[in-house]
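S.K.: First the structure, which I've put down as structure tokens, then a few questions once you've had a look.
The values are calculated or read from the model by the stated rules, or taken from the named source; none is laboratory data. The structure presented is a predicted model; accordingly, all values stated were derived computationally and were not measured. All Cβ positions, even for glycine, are placed from backbone atoms using ideal geometry, and neighbour counts span all protein chains on display. The protein model used for the area step is the full one, side chains on, heavy atoms only, and it has no ligands, DNA or RNA in it. Shrake-Rupley method; radii C 1.70, N 1.55, O 1.52, S 1.80 Å.
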Amino acid sequence: MAHCHLYQDLSCYYDQFCQHIPYAQQAQTLYRLAQLFNDAGGTNYLDIACGTGQLIEHTQTFGWQLSGLDLAEHMLAQAAKRCPSAQFILADMTNIPDAPQYDFASCLLYSMHYNQDINQLAKFFSVVWQALKPGGFLLFDCVDKGGIDNSAGITTYYQQGEQHFTFNSRWNYNGEGNQQTLELSIELNDAGRISAWQDQHPMVAVSIIELQSLLEGQGFKLTLFERNFEQLVEWQQGSYNLLVVAQKPLENS
């Protein structure tokens, strides 16, 4: 594994920290939704906040034209090695190229919440609207702010030789307003020598009602599902974790 400064470049550790994520199931869910909602009819797909390209890798057999966008240059370098046939864009998610060129897009792993406030979230939806062809759709997952769990979060472990890594991420929401933080902590035990990093990232906290208002105000037609990558289940309105399909209507509809 290439050496990197742990907090300047997480890309060389990212895959190990994300071993629990069901990328293959996510890809199959996206494939099924493309069959159901891709009224644009093409195969031009964009993965927003694509990281090291693990989701894109699992879509390579679908015959799609693949693109990924991420703000982290080192992540995109890893993604380009993993998926050499895909195109990658170094940009913030509110700076997607705005010509209508994508038939469908995804923004998974709750990455939509990386928009720091409601205004930036609204800009993100506006930019996606401009980037999608009529009939195209955006798939994203989200959590209603009423159900944000401020518990211990998710902890993963990775070992290479005498190096033992512990990675923890958790959300912190005080129960009011539209802002929360993502709290990250990483510990490296290298043959008994301990190094630790901690950081916080501002994120948007939003209710499903607020999301619906933003998206429908932009013009999107919404279909809501339970956040379940094993089967498509209509949202039961009692849970807080959702998959959202936001479709840009055809111009003549």
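S.K.: What single numbered condition from (1) more than 20 Å from the chain's Cα centre (by Cα); (2) of a type outside the set (D, E, K, R); (3) more than 19 Å from residue 240 (Cα to Cα) fails to hold for residue 200?
M.R.: Condition (1) is where residue 200 drops out.
S.K.: Do we find a residue being under 29 Å from residue 16 (Cα atoms), of a type in the set (Asp, Glu) and open to solvent by less than 30 Å² (accessible area, probe 1.4 Å) anywhere in the stretch 138-152? Show your work before the answer.
M.R.: First, pick out the residues of the stretch 138-152 that are under 29 Å from residue 16 (Cα atoms): 138-145, 147-152.
Within this subset, residues satisfying the condition of being of a type in the set (Asp, Glu) are 141, 144, 149.
With open to solvent by less than 30 Å² (accessible area, probe 1.4 Å) added as a condition, the list becomes 141, 144.
Checked the stretch 138-152: at least one residue is under 29 Å from residue 16 (Cα atoms), of a type in the set (Asp, Glu) and open to solvent by less than 30 Å² (accessible area, probe 1.4 Å).
S.K.: Follow-up. Between a residue in the stretch 114-135 that is on the phi < 0 side of the Ramachandran plot and any residue that is of a type in the set (Asp, Glu), which pairs come within a Cβ distance under 7 Å, given they are 6 or more apart or on different chains?
M.R.: As it stands, the answer is 127/98; 130/98; 131/98; 133/103; 134/251, since those pairs meet every condition given.
S.K.: Give the stretch 112-167 a look and list any residue that's assigned to a loop (DSSP other than H, G, I, E, B), under 19 Å from the mean Cα position of the chain (by Cα) and at pLDDT below 95, or say none. Spell out the reasoning first.
M.R.: Taking the stretch 112-167 as the starting set, the residues that turn out to be assigned to a loop (DSSP other than H, G, I, E, B) are 115-117, 148-153, 161-162.
Still in the list and also under 19 Å from the mean Cα position of the chain (by Cα): 115-117, 148-149, 153.
116, 148, 149, 153 - these are the residues of the stretch 112-167 that are assigned to a loop (DSSP other than H, G, I, E, B), under 19 Å from the mean Cα position of the chain (by Cα) and at pLDDT below 95.
S.K.: Still on this model: Report every pair of residues separated by at least 6 positions or lying on different chains whose Cβ atoms are under 9 Å apart, first residue within the stretch 152-177 and of a type in the set (Asp, Glu), second part of a strand (DSSP E or B).
M.R.: These pairs meet every condition: 162/189; 162/190.
S.K.: I've got another one for you. Mind checking which residues of the stretch 43-76 are crowded, with 16+ Cβ neighbours inside 10 Å and part of a loop (DSSP other than H, G, I, E, B)?
M.R.: Result: 49, 50, 51, 52, 53, 58, 59, 64, 72.
S.K.: Quick check, is residue 165 touching a helix residue (DSSP H, G or I) at 6+ places or on another chain (Cβ under 7 Å), surrounded by 21 or more Cβ atoms within 10 Å (Cβ to Cβ) and not aliphatic (A, V, I, L, M)?
M.R.: Details: touching a helix residue (DSSP H, G or I) at 6+ places or on another chain (Cβ under 7 Å): yes; surrounded by 21 or more Cβ atoms within 10 Å (Cβ to Cβ): no; not aliphatic (A, V, I, L, M): yes.
Answer is no for this residue.
S.K.: Mind listing whichever residues of the stretch 168-182 are of a type outside the set (Ser, Thr, Tyr) and either buried (at least 17 other Cβ atoms within 10 Å of the Cβ) or in a strand (DSSP E or B) (or both)?
M.R.: Keep residues of the stretch 168-182 that are of a type outside the set (Ser, Thr, Tyr), which gives 168, 170-172, 174-180, 182.
Within the stretch 168-182, 168, 170, 171, 172, 178, 179, 180, 182 qualify.
S.K.: Take the residues in the stretch 77-90 that are in a loop (DSSP other than H, G, I, E, B) and touching a helix residue (DSSP H, G or I) at 6+ places or on another chain (Cβ under 8 Å); name whichever of them is farthest from residue 47 (Cα to Cα). Working first, answer last.
M.R.: If we filter the stretch 77-90 for residues that are in a loop (DSSP other than H, G, I, E, B), which is where we start, we get 83-86.
Adding the requirement that they be touching a helix residue (DSSP H, G or I) at 6+ places or on another chain (Cβ under 8 Å) leaves 83, 85-86.
On the way: 83: 13, 85: 14, 86: 11 Å.
Per the criteria, the residue is 85.
S.K.: Let me ask something additional. If only one of 79, 34 is open to solvent by less than 20 Å² (accessible area, probe 1.4 Å), farther than 20 Å from residue 124 by Cβ and touching a Ser or Thr at 6+ places or on another chain (Cβ under 6 Å), which one is it? Break it down stepwise before answering.
M.R.: Working: 34 fails: touching a Ser or Thr at 6+ places or on another chain (Cβ under 6 Å).
Answer to the selection: 79.
S.K.: Another one. Return the pair list, or none, for Cβ contacts closer than 6 Å from residues in the stretch 229-240 that are in contact (Cβ under 8 Å) with a residue 12 or more places away in the chain to residues that are polar (S, T, N, Q), at least 6 apart or on different chains.
M.R.: 229/25; 229/26; 229/29
S.K.: State whether one or more residues within the stretch 87-110 are at pLDDT 95 or above, polar (S, T, N, Q), exposed (fewer than 15 other Cβ atoms within 10 Å of the Cβ) and closer than 25 Å to residue 24 by Cα.
M.R.: Within the stretch 87-110, one or more residues are at pLDDT 95 or above, polar (S, T, N, Q), exposed (fewer than 15 other Cβ atoms within 10 Å of the Cβ) and closer than 25 Å to residue 24 by Cα.
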